[in-house]
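Q: One structure is given below, represented as structure tokens, and several questions about it will come after.
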Amino acid sequence: IESSKEQFAYTNIAEELVKLFKKQIEHDKKEMIFEVLAPLAENDVIKLQLVEAGLVECLLEIVQKTVDSDKEEDVAELKTASDLMVLLLLGDESMQKLFEGGKGSVFQRVLSWIPSNSHQLQLAGALAIANFARNDGNCIHMVDNGIVQKLMDLLDRHVEDGNVTVQHAALSALRNLAIPVVNKAKMLSAGVAEAVLKFLRSEMPPVQFKLLGTLRMLIDAQAEAAEQLGKNVKLVERLVEWCEAKDHAGVMGESNRLLSALIRHSKSKDVIRTIVQSGGIKHLVTMATSEHVIMQNEALVALALIAALELVTAEKDLENAQLVQILHRLLSDDRSAPEIKYNSMVLICALIGSEPLQKEVQSMAFQEVVSKLRSHENKTVAQQALLTEQRLAVES
């Protein structure tokens, strides 16, 4: 129970359990203490108390003793100890304490787990790195100190019928490391995108999800990388396929977001053509109706770039996907966020450049909807409404 964990935090239970643990020799008794430690360690205050009481040193010792053993109880102990270690790193304070600016002996020991031959340790090592990579400073330090190569080597060992949990953990770590702006170019030049693309064939949704997230983080504001990936037909076709993964909302959402990101960050006609040829346009139009404002907006910006750069190529697909009707709905809906209204109007102005789409716009009484928005409380929306109204008047 949560409340009882909070009460335990006011006692010296952490210290007592660690003392007790250090004395045990028998496997069964250690297991028993582990069973009490694991749920307690879910509480952030107790995490820190356990770290301060020296639990980490005990865990590292167990790992060292059991790592090469095939005995069933040793294998179980190795798993429990390394899992608990990862759990302790989920707390911000306990994690920073163990990171010690990247100089910490614990951090160094965890690094040595990644090249190990034990799947359990590889997994725990990669998860630990993903946990250390929860703030920019740590991420920058780790990338500068060669952690990326270790993770790529680990992924390489698991490309062919590899261990799914290890793949997932290593990709999670790379995704987190790619968040700080300064790391993106370094990771791209280290070949992370190529290493990640080897998993495009994966049929495992958790791996697909992390793979998509990692690529999306890497290309953020990296025009050259976005263009290179956006022209990769195999990747784009796989994204379009995953945009239809109805059973896996996470994979579906990430695929849509990556499609849109490839266009937004590359602003490249070639990328747009590749996406049109692979049948991606209809998914971007559907994404504009998402319940998440951030996704709606990403879709509208990508569609506006398509309309500005390659309208003729995409015209047929935009028409079939009923984009004009959707924009009419977004503009008429009082619940639409200001940025959605703004970007919908920008898009309408761009679509008028196509004859069939212009006809649709004219047939749907946009003038009325737009003129209402001239008095919108958001100045930018009101201003865009005025421009859009003038533009519509000229075209009619």
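The values are calculated or read from the model by the stated rules, or taken from the named source; none is laboratory data. Not measured: the values here are computed from a predicted model. Note that we place each Cβ from the backbone using ideal geometry, even for glycine, and neighbour counts take in every protein chain shown. Keep in mind that these areas ignore ligands, DNA and RNA; they rest on the heavy atoms of the full protein, side chains included. Shrake-Rupley method; radii C 1.70, N 1.55, O 1.52, S 1.80 Å.
Q: So what's the angle, to the nearest 10 degrees on a 0 to 90 scale, between helix 323-332 and the longest Cα principal axis of the chain?
A: The answer is roughly 80 degrees.
Q: Same structure, new question: Expected output is a single nm value to one decimal: the length gained when fully extending between Glu368 and Ser69, i.e. 0.36 nm times separation in residues minus the C-alpha distance. What is it?
A: On the way: separation 299, 0.36 × 299 = 107.64 nm, distance 7.57 nm.
Gain on stretching Glu368 to Ser69: 100.1 nm.
Q: Give the accessible surface of region 322-395 per residue, rounded to a whole number of Å², with probe radius 1.4 Å and ligands, DNA and RNA excluded.
A: Working: 3910 Å² over 74 residues.
Averaged over the residues of region 322-395, the accessible area is 53 Å².
Q: Can you tell me the accessible area per residue over region 144-274, all protein chains present, probe 1.4 angstrom, in square angstrom? Could the numbers behind the result be given before it?
A: Details: 5440 Å² over 131 residues.
Per residue, region 144-274 has an accessible area of 42 Å².
Q: Can you tell me the relative contact order of region 227-317? Whole percent, Cα pairs under 8 Å, sequence separation 6 or more.
A: On the way: 108 pairs, mean separation 27.1, N = 91.
In percent, rounded to a whole number, it is 30.
Q: Given the pairs Lys5/Lys30; Lys30/Lys65; Lys23/Lys103; Lys79/Lys103; Lys22/Lys103; Lys30/Lys150, which span a C-alpha to C-alpha distance of over 23 angstrom in this model? Each step should come with its number before you reach the end.
A: Values: Lys5/Lys30 21 Å; Lys30/Lys65 14 Å; Lys23/Lys103 29 Å; Lys79/Lys103 25 Å; Lys22/Lys103 26 Å; Lys30/Lys150 32 Å.
From the list (Lys5/Lys30; Lys30/Lys65; Lys23/Lys103; Lys79/Lys103; Lys22/Lys103; Lys30/Lys150), the Cα-Cα distance tops 23 Å for Lys23/Lys103; Lys79/Lys103; Lys22/Lys103; Lys30/Lys150.
Q: Still on this structure, please answer the following. What does the accessible area per residue of region 1-70 come to in Å², with a 1.4 Å probe and no ligands, DNA or RNA counted?
A: Numbers: 4280 Å² over 70 residues.
With the other protein chains kept in place, region 1-70 gives 61 Å² per residue.
Q: I'd like the accessible area for Glu15: 1.4 Å probe, protein heavy atoms, all chains in place, Å² to the nearest 10.
A: Result for Glu15: roughly 90 Å² accessible.
Q: So, one more: Which whole-number percentage describes the relative contact order of the chain, with Cα contacts under 8 Å and a sequence gap of 6 or more?
A: Numbers: 499 pairs, mean separation 30.6, N = 396.
8 percent.
Q: Additional query: Report in % the part of the accessible area of the chain that belongs to carbon and sulfur, leaving out ligands and nucleic acids; probe 1.4 Å. It would help to have the intermediate numbers written out before the result.
A: Details: 9630 of 18620 Å².
The computed percentage sits at 52.
Q: Something else about it: To the nearest 20 Debye, how big is the dipole of the chain about its Cα centre, given +1 on the beta carbon of each Lys and Arg and -1 on that of each Asp and Glu?
A: On the way: 42 positive and 55 negative charges, 220 e Å.
Taking the Cα centre of the chain as origin, the dipole is about 1060 debye.
Q: Rounded, prolate or oblate, given the Cα gyration tensor of region 13-167, with a/c below 1.5 counting as rounded? Let's see the in-between values first.
A: Values: a/c = 2.14, a/b = 1.23, b/c = 1.74.
Because a/c hits 1.5 or more and a/b fails to exceed b/c, region 13-167 counts as oblate.
Q: Further question on the same structure: Given an 8 Å cut-off on Cα distances and at least 6 residues of separation, report the relative contact order of region 107-148 as a percent. Display every interim value, and only then the final one.
A: Numbers: 20 pairs, mean separation 10.2, N = 42.
Dividing the mean separation by the residue count of region 107-148 yields 24 percent.
Q: Could you state how much accessible area Cys58 has, in square angstrom rounded to the nearest 10, with a 1.4 Å probe and all protein chains kept in place?
A: Approximately 20 Å² of Cys58 is accessible to the 1.4 Å probe.
Q: Would you calculate, for the chain, the mean residue ellipticity at 222 nm contributed by helices, counting each DSSP H stretch of 4 or more residues as -39,500 (n - 2.57) and dividing by all residues, to the nearest 500? Present the calculation step by step, with values, prior to reporting the outcome.
A: Numbers: 27 runs with 301 residues, N = 396.
Using -39500 (n - 2.57) per qualifying helix, the result is -23000 deg cm²/dmol.
Q: Let me know the charge dipole size of region 322-395 about its Cα centre in debye, to the nearest 20, where only the beta-carbon of Lys, Arg (+1) and Asp, Glu (-1) is charged. List each step's numbers first, then the result.
A: Working: 8 positive and 9 negative charges, 23 e Å.
With Lys and Arg at +1 and Asp and Glu at -1, about 120 debye.
Q: Continuing with this model, one more query. Could you tell me which of Ile13, Ala304, Leu87 has its Cα farthest along the dipole of the chain towards the positive end, charges placed at Cβ (Lys, Arg +1; Asp, Glu -1), taken about the Cα centre?
A: Ala304
Q: Continuing with this model, one more query. Once Lys and Arg get +1 and Asp and Glu get -1 on their Cβ, which of Ala41, Gln367, Ala195 lies farthest toward the positive end of the dipole of the chain?
A: Sorting the options by dipole projection puts first Gln367.
Q: Out of these labelled values of volume of the Cα convex hull per residue in Å³, [x] 199; [y] 252; [z] 161, which was calculated from the coordinates shown here?
A: Correct label is [z].
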